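What follows is a set of notes on a single structure, which appears directly below.
The values are calculated or read from the model by the stated rules, or taken from the named source; none is laboratory data. Every value quoted in this text rests on a predicted model; they were computed, and no experiment measured them. All Cβ positions, glycine included, derive from the backbone under ideal geometry; neighbour counts span all protein chains shown.
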């Protein structure tokens, strides 16, 4: 017998393994085969709204590393300090963490390329803060703008060890 009943479509929310979700939130995870595979763009797109909104509640004025990997329009602006970045000198794609390049010219490079400038441990490169970057790109939420303090906008100096390695 025919029916006039309308079937409801069920929309299943994407499910993600809790380990992968922890990875997107920069939370420590125990060794797992899931940590060997980087987060994919698809995984990020399916979960970014939740991840970013939860992140902002805990850490306003910043974003998790996965956001920087997939959403950041550019690297953070360099404000000062001494030292050449490898990607600027050799025209290579930079390795970036939280919007700051990782690979810098150290003393060993000067033996081969004496015209380069090695990173100066007394005056290492300085970059804009995450909050400044987000404000400049008009990405800060209204709640973030209201909760941030002056110190959140202070520049960030690259940290290096005694061997001039980025830490």
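Right, residue 134: outside any helix (DSSP H, G or I) and under 19 Å from residue 71 (Cβ atoms) or not? No, not satisfied. Right, residue 73: surrounded by 13 or more Cβ atoms within 10 Å (Cβ to Cβ) and under 14 Å from the mean Cα position of the chain (by Cα) or not? Considered against the rule, which asks whether it is surrounded by 13 or more Cβ atoms within 10 Å (Cβ to Cβ) and under 14 Å from the mean Cα position of the chain (by Cα), residue 73 comes out as no. Only residues that are closer than 18 Å to residue 152 by Cα, touching a residue at least 60 places away in the same chain (Cβ under 8 Å) and not in a helix (DSSP H, G or I) were counted in segment 41-75, giving 4. With the condition kept exactly as written, say whether any residue in segment 31-40 is in contact with a helix residue (DSSP H, G or I) (Cβ under 8 Å, 6 or more places away or on another chain), touching a residue at least 40 places away in the same chain (Cβ under 8 Å) and part of a helix (DSSP H, G or I). The answer is no; no qualifying residue exists.
Okay, residues lined up against (1) under 25 Å from residue 44 (Cα atoms); (2) out of contact with any strand residue (DSSP E or B) (no Cβ under 6 Å at 6 or more places or on another chain); (3) at pLDDT 90 or above:
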| position | (1), (2), (3) |
| --- | --- |
| 67 | yes, yes, yes |
| 109 | no, yes, no |
| 113 | no, yes, yes |
| 119 | no, no, yes |
| 134 | yes, yes, yes |
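Number of residues in segment 81-107 that are in contact with a strand residue (DSSP E or B) (Cβ under 6 Å, 6 or more places away or on another chain) and on the phi > 0 side of the Ramachandran plot equals 2. Note on segment 89-123: residues that are loosely packed, with under 15 Cβ neighbours inside 10 Å and in a helix (DSSP H, G or I) amount to 6.
Close Cβ contacts (under 6 Å, 6 or more residues apart or on different chains) running from residues in segment 145-161 that are closer than 11 Å to residue 128 by Cα to residues that are assigned to a strand (DSSP E or B) comprise 155/79; 155/126; 156/127; 157/126.
Taking segment 137-153 as the range and being assigned to a loop (DSSP other than H, G, I, E, B) and surrounded by 13 or more Cβ atoms within 10 Å (Cβ to Cβ) as the test, the residues that pass are 139, 140, 141, 148. Here 82, 11, 75 are screened, and the one residue that is modelled with pLDDT under 90 and out of contact with any helix residue (DSSP H, G or I) (no Cβ under 7 Å at 6 or more places or on another chain) is 11. Within segment 89-108, the residues that satisfy the criterion of being touching a residue at least 12 places away in the same chain (Cβ under 8 Å) and more than 16 Å from the chain's Cα centre (by Cα) are 89, 104, 105, 106, 107.
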